1. Considering only segment 289-306, I want to know if a residue exists there that is assigned to a loop (DSSP other than H, G, I, E, B), out of contact with any Leu (no Cβ under 9 Å at 6 or more places or on another chain) and within 21 Å of T184 (Cα to Cα).
2. Can you name every residue in segment 320-340 that is of a type in the set (A, V, I, L, M) and assigned to a helix (DSSP H, G or I)?
3. Could you tell me whether any residue of segment 140-161 is surrounded by 15 or more Cβ atoms within 10 Å (Cβ to Cβ), among the basic types (K, R) and under 24 Å from L217 (Cβ atoms)?
4. As an exercise: evaluate V258 against (1) within 14 Å of A297 (Cα to Cα); (2) not in a helix (DSSP H, G or I) and give the number of the one condition it does not meet.
5. If the Cβ limit is 9 Å and pairs must be 6+ apart or interchain, which residue in segment 19-35 that is under 16 Å from A142 (Cα atoms) and in the same structural domain as R75 (by TED's automatic domain parsing) pairs with which residue that is assigned to a strand (DSSP E or B) and not β-branched (V, I, T)?
6. Return the only residue of P283, P229 being loosely packed, with under 15 Cβ neighbours inside 10 Å and out of contact with any Asp or Glu (no Cβ under 6 Å at 6 or more places or on another chain).
7. Return a yes/no flag: does segment 328-346 have any residue that is more than 27 Å from Y13 (Cβ to Cβ) and either surrounded by fewer than 10 Cβ atoms within 10 Å (Cβ to Cβ) or at pLDDT 85 or above (or both).
8. Within segment 23-53, work out how many residues are crowded, with 18+ Cβ neighbours inside 10 Å and either aliphatic (A, V, I, L, M) or more than 23 Å from P294 (Cα to Cα) (or both).
Amino acid sequence: MAYTIAIIGAGWYGCHLATSFDALGMDVKVFEMNTRPLHEASGNNQFRLHLGFHYARHYNTRMQSRDGYMRFIERYPSLSGHVVNNIYAVPKHDSLIDFLTYRLIMTSSGLDFSEKININLDIKNIEGYLITEERVLHTETARSYFKQRLADKLILNERISSIEEKSDCCYVNGERFDYVIDATWGHFTKPPMDVIYEPTILLYYESLDKKNIFPALTFVDGPLCSIYPTEEPTLYTLSSVPYTPVGRYATASEARVVKNKLNETVVLSKVKQMEEQIAHYVPDFRDRFRFVGPQFAIKTKPTSSHDDRSCHVFKQGRIFSVMSGKIDTVFFASERILSTLESIPDSQFVKTPSLLMKEINDMANG
């Protein structure tokens, strides 16, 4: 059955859901309050297409990332690129897990890796490392792709002021739809799970060595840091589990107020903290990189100690809400929503008595 669906938020999930359901013949509209798609957290992150190596403490996140990674490359072959020497390193004393355990978890998860590095890099205070094939997202290319693919189904500069839910439909800003999907990560309707909202500062650095490509370097697992390339060949991000967040808040509005007040003093404090942390493992970091600017965003995270970033889909009446921490789990969201839409309530069926015993007796009696 073809439905009319309103999607709030033109991030990776909103755009993927819209293109998927549009291809199935549904009438879709995506409402985005900003001037372009992928403007909020989807375009303000570390640009990493995950395979699962980031999540030693959560099986479902690891498996969804592993499976979604390959599907993402098949579905969107031009929207990510190869990363040269993608390293996951386990520190000697600062990690929540030892290297052999980390290696065993990744091996048992069916994740491919090597342990031979092809670059002369001085990394200190680590117990071991793995080399992976994770990729970097091409965000600007993705913006162009979704704008072209969705065309007039993508409504920019449109803030949702009202949703009126009826028994058989929903009205979004006065327009009728069969269903609504909130893909704003709890910024419009709060999901039925415990979450916190984190204003964040990610730092951009330019590599000073134009001839040699610096690797992607991620330290796991726990309150550690990472250097990851962007779609610009010499531009990298520096992220830190303890220092990238600016605070934790119970509502999105509180987090947005804090994000909008971030200033140079706060940024320079974060630069000092993150550079000191990364220099513990890469002593010549300041000689290799130059700070060029910050990136501000808000992350929505479940409140748990086991690092759950798997995909969750909730349905309340005719409104779906989606929660996930990873871009490569978009396929789980679309499939779960579609399976719910395709299901018919049990109340529409009359329970029919079993005929199995009668059929057995009929066969026995010839």
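The values are calculated or read from the model by the stated rules, or taken from the named source; none is laboratory data. These numbers were taken from a predicted model, which means no experiment stands behind them. Positions of Cβ are generated from backbone atoms using ideal geometry, with glycine treated the same way; all protein chains shown enter the neighbour counts.
1. Yes: one or more hits.
2. I327, V330, A333, I337, L338
3. no
4. That leaves (2) as the condition not met.
5. Listed pairs, sorted by first residue: V30/A6; V30/L154; E32/L154.
6. After applying the criteria, what remains is P283.
7. Within segment 328-346, one or more residues are more than 27 Å from Y13 (Cβ to Cβ) and either surrounded by fewer than 10 Cβ atoms within 10 Å (Cβ to Cβ) or at pLDDT 85 or above (or both).
8. Number of matching residues: 13.
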